[in-house]
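Just below is one structure, and these are the notes that go with it.
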Amino acid sequence: MQSELVCDYIACFLDKYKSLDIEDLYAYALNSKVPAVDKNSGELLRFLAHLKGTKHILELGCGIGIATKYMKYTDSVKITALDYNKDRLDEAADYLKDEKNIDFVHAKAEDYLSNTSYKFDFVFVDTIKREYAGMWYLLKRCLSDKALVVFDDILLYGYVLYEDAEIPYKYLETVRELKAFIDEIKYTFSSDASIIPLGNGLLLINYEKY
């Protein structure tokens, strides 16, 4: 998703430097009104996964598979892509049917995190924003040491920068939850967390078990 956080002319400039040609999938997402990761955010995800030499990625909220495609930087990396919307999950599986080592899981994120025995070294979270804090609580048991966790849309159209009176009512409670979550992460991981103002904002956490 694109927001006012990145000016149009900057977004257009950055769009020239793309590693994948998936315009057809973005066009489908736009026409079908399906949420899709911002292109520049996708490029950053691909770079980060490659930089860390990631082996096992967990994606919570894979949608139709756009971010999945970005993060699949090599055949050897394994991705567990999860979504509770069966139609979108089936579309992602069909689009990425030729890719190796991708498991598509139809489940609620909370249920999956509570029951899986896997440990992941890279996690991308793009689920219901007001549930991020609870998702983080469940997610920690599934992380390997020094795992990188990325939460998408953490700034929610920039609304987390606004005063309550300026925020549309339908987003107010979600914004409050996001602000509290950001404060918790920045307090706990003062030197191991960062917010990147791409798209609607990415929260990066370098998780080190203490």
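The values are calculated or read from the model by the stated rules, or taken from the named source; none is laboratory data. Worth saying up front: this structure is predicted, and the values here are computed from it rather than measured. Counting neighbours? That spans all protein chains shown, and the Cβs are built from the backbone with ideal geometry, glycine included.
Within the option set D153, D183, D192, D164, being closer than 20 Å to G61 by Cα and of a type in the set (D, E) holds for one residue only, D153.
Only residues that are under 22 Å from A36 (Cβ atoms) and at pLDDT below 95 were counted across region 94-107, and they come to 6.
Being of a type in the set (D, E, K, R) and in a strand (DSSP E or B) is the filter here, so list the residues in region 163-210 that pass it. Once the filter is applied, which keeps residues that are of a type in the set (D, E, K, R) and in a strand (DSSP E or B), region 163-210 yields nothing. Scanning region 46-75 for residues that are charged (D, E, K, R), in contact (Cβ under 8 Å) with a residue 40 or more places away in the chain, over 17 Å from H106 (Cβ atoms) and not in a loop (DSSP other than H, G, I, E, B) yields one hit, K69.
Please count how many residues of region 48-75 are on the phi > 0 side of the Ramachandran plot and crowded, with 17+ Cβ neighbours inside 10 Å. Residues that pass the stated criteria total 3. Of all residues being more than 19 Å from A109 (Cβ to Cβ) and within 17 Å of the chain's Cα centre (by Cα) in region 138-157, which is surrounded by the most Cβ atoms within 10 Å (Cβ to Cβ)? Just the residue, please. Looking at residues that are more than 19 Å from A109 (Cβ to Cβ) and within 17 Å of the chain's Cα centre (by Cα), I get L155. If you go through region 124-132 one residue at a time, do you hit one that is surrounded by 13 or more Cβ atoms within 10 Å (Cβ to Cβ), more than 17 Å from E59 (Cβ to Cβ) and within 19 Å of the chain's Cα centre (by Cα)? Yes, region 124-132 contains a residue that is surrounded by 13 or more Cβ atoms within 10 Å (Cβ to Cβ), more than 17 Å from E59 (Cβ to Cβ) and within 19 Å of the chain's Cα centre (by Cα). Kindly establish whether T174 is surrounded by fewer than 20 Cβ atoms within 10 Å (Cβ to Cβ), within 20 Å of K55 (Cα to Cα) and among the β-branched types (V, I, T). Against the criterion (surrounded by fewer than 20 Cβ atoms within 10 Å (Cβ to Cβ), within 20 Å of K55 (Cα to Cα) and among the β-branched types (V, I, T)), T174 does not qualify. Got at least one residue in region 172-183 being of a type in the set (A, V, I, L, M) and under 24 Å from R46 (Cβ atoms)? No, there is no match, as no residue in region 172-183 is of a type in the set (A, V, I, L, M) and under 24 Å from R46 (Cβ atoms).
Considering only residues of region 76-121 that are in a helix (DSSP H, G or I) and of a type in the set (K, R), which is surrounded by the most Cβ atoms within 10 Å (Cβ to Cβ)? Spell out the reasoning first.
Within region 76-121, the first condition is being in a helix (DSSP H, G or I), and the residues that meet it are 86-95, 109-115.
This time we only want the ones that are of a type in the set (K, R), so: 86, 88.
Numbers: K86: 9, R88: 20.
Restricting to residues being in a helix (DSSP H, G or I) and of a type in the set (K, R), the top hit is R88.
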